[in-house]
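Data block below; observations after.
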2 protein chains.
Amino acid sequence: MAPKYKLHYFDLTALGEPIRFLLSYGKLDWEDIRYDDAQWPETKKKMPFGQMPVLDIDGKIYAQSIAISRYLAKQVGLSGKDDLENLKIDIAVHLFLDFHTKIGDWAYDPIPNSKAAKEVDLKDKMDFYLKKFEEMVKENKGFLVNGKLTWGDIYFVAPLKYFKALVKRDFLEGYPLLQELVKKVESTPAIASYIAKRPAGDR
Amino acid sequence: MAPKYKLHYFDLTALGEPIRFLLSYGKLDWEDIRYDDAQWPETKKKMPFGQMPVLDIDGKIYAQSIAISRYLAKQVGLSGKDDLENLKIDIAVHLFLDFHTKIGDWAYDPIPNSKAAKEVDLKDKMDFYLKKFEEMVKENKGFLVNGKLTWGDIYFVAPLKYFKALVKRDFLEGYPLLQELVKKVESTPAIASYIAKRPAGDR
């Protein structure tokens, strides 16, 4: 019997969104359970590592966004065809993680002088990664790696809305190939119909 | 023909060490290229994302420690037997990454008041993860997941020397099952002979 999935996450794109895109892409049987901030203190206690997203697969729960995404990608045919293709996807995904970490380290820094110090070269640090991503798309026929759609593209595109909201600008301006990639992923029919009905939050 | 590997990394355990353990475990044909701090500014320019470790596989270079480790694990038989076992390994590996990040965020914080604020509950944050790891080993027959040796165990054990040096204490004190796991991994014959001849740095 086909497995039943339940995604537990905040009412945000961010780290839950690659999972939602993959579940949608594969037309899997899934439920999109969203929590607001008021529910979080109680919910946190039930989560295996006090974090979300968490994916329930037939009643068993699994944490860690990248781990879950790689697993789902395998189920829906968005992994590589061999170990080397998978290595290239994983390298791209960890490069996004480095990119996200630069943004998050600045955005969530609670100490004002520390946050201000990170803000000085935040744009330069982001552009370092964005240039790499743009080059990768140029060399891979319009995709990030392997010359075809993989979960690497989905892991890049899905959380962009959230990270753009954090930095309060469209950091893809000036990166036409990355903008094309976003359109390509978001217009994939099953993903487009998920996006059309997703809750209209601001991030 | 069997591939030739060259690992480029600092003369440290840290993020290079899981790769060295895996190359040793599989008795692969590999070269251990170590850089000192004086060589780094020039070397950095040659690295694909300005970072190490980088693995050269038959003349092509690949970055990102976790991506490389997963790839090598597959080559040497330390992956899971199916997608679900691989998911469980990946969850553990990302949990170590969260643990490492807590330590690194504190250790490398250049702003004194920010570093001091992180130090207040650093031990509590570390113990949160260490308790989870200890529980995992209890539930998985002496290994972190799947009841057998996987690259997850190697990814946990190999860089410990470095993280212990950063926090200047043996944070495995009070976690007997984790200490047992370290002994088990480090006494695996091919890994033990690598350790016996590795450069005797302090971390």
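Among the numbered criteria (1) open to solvent by less than 60 Å² (accessible area, probe 1.4 Å); (2) part of a helix (DSSP H, G or I), which single criterion is violated by B:Lys131?
The one condition B:Lys131 does not meet is (1).
Only one residue in B:Asp170, B:Asp124, B:Asp109 is closer than 19 Å to B:Thr13 by Cα and charged (D, E, K, R), so which one is that?
Every option except B:Asp170 fails the conditions.
In segment B:141-173, what residues are over 21 Å from B:Leu23 (Cβ atoms), surrounded by fewer than 16 Cβ atoms within 10 Å (Cβ to Cβ) and free of Cβ contacts under 8 Å to residues at least 40 places away in the same chain?
Scanning segment B:141-173 gives B:Lys141, B:Gly147, B:Lys168, B:Arg169, B:Asp170, B:Glu173.
Does B:Ala190 fit the bill of being surrounded by fewer than 18 Cβ atoms within 10 Å (Cβ to Cβ) and not in a loop (DSSP other than H, G, I, E, B)?
yes
When the residues of segment A:52-107 are filtered to those that are acidic (Asp, Glu) and within 7 Å of another protein chain (Cβ to nearest Cβ), which remaining residue is farthest from B:Ile68 (Cα to Cα)?
Going through the qualifying residues, I end up with A:Asp83.
Is it the case, given these coordinates, that B:Ile111 is under 26 Å from A:Trp106 (Cα atoms) and either out of contact with any Phe, Trp or Tyr (no Cβ under 8 Å at 6 or more places or on another chain) or more than 13 Å from chain A (Cβ to nearest Cβ) (or both)?
yes
Taking B:Tyr9 and the conditions (1) in contact (Cβ under 8 Å) with a residue 40 or more places away in the chain; (2) of a type outside the set (A, V, I, L, M, F, W, C); (3) assigned to a helix (DSSP H, G or I), which numbered condition does it fall short on, given that it satisfies the others?
(3)
Hey, any hits in segment A:2-16 for a residue that's within 16 Å of the chain's Cα centre (by Cα), farther than 29 Å from B:Lys74 by Cα and among the β-branched types (Val, Ile, Thr)?
So far as segment A:2-16 goes, yes, one or more of its residues are within 16 Å of the chain's Cα centre (by Cα), farther than 29 Å from B:Lys74 by Cα and among the β-branched types (Val, Ile, Thr).
Could you grab me the full set of residues in segment A:145-179 that are among the hydrophobic types (A, V, I, L, M, F, W, C), assigned to a loop (DSSP other than H, G, I, E, B) and within 14 Å of the chain's Cα centre (by Cα)?
A:Ala158
Select from segment B:120-135 the residues that are more than 10 Å from chain A (Cβ to nearest Cβ), farther than 16 Å from B:Pro159 by Cβ and within 23 Å of the chain's Cα centre (by Cα) and list them in ascending order.
Listed by number, the residues that qualify are B:Leu122, B:Lys123, B:Asp124, B:Lys125, B:Asp127, B:Lys131, B:Glu134, B:Glu135.
Just give me the residues in segment B:33-51 being among the polar types (S, T, N, Q) and more than 10 Å from every other protein chain (Cβ to nearest Cβ), in sequence order.
Across segment B:33-51, the qualifying residues are B:Gln39, B:Thr43.
The values are calculated or read from the model by the stated rules, or taken from the named source; none is laboratory data. In this text, all values refer to a predicted model and were calculated from it rather than measured experimentally. Virtual Cβ from ideal backbone geometry, glycine too; neighbours counted across all protein chains shown. These area figures cover heavy atoms from the full protein model, side chains too; ligands, DNA and RNA do not enter into them. Shrake-Rupley method; radii C 1.70, N 1.55, O 1.52, S 1.80 Å.
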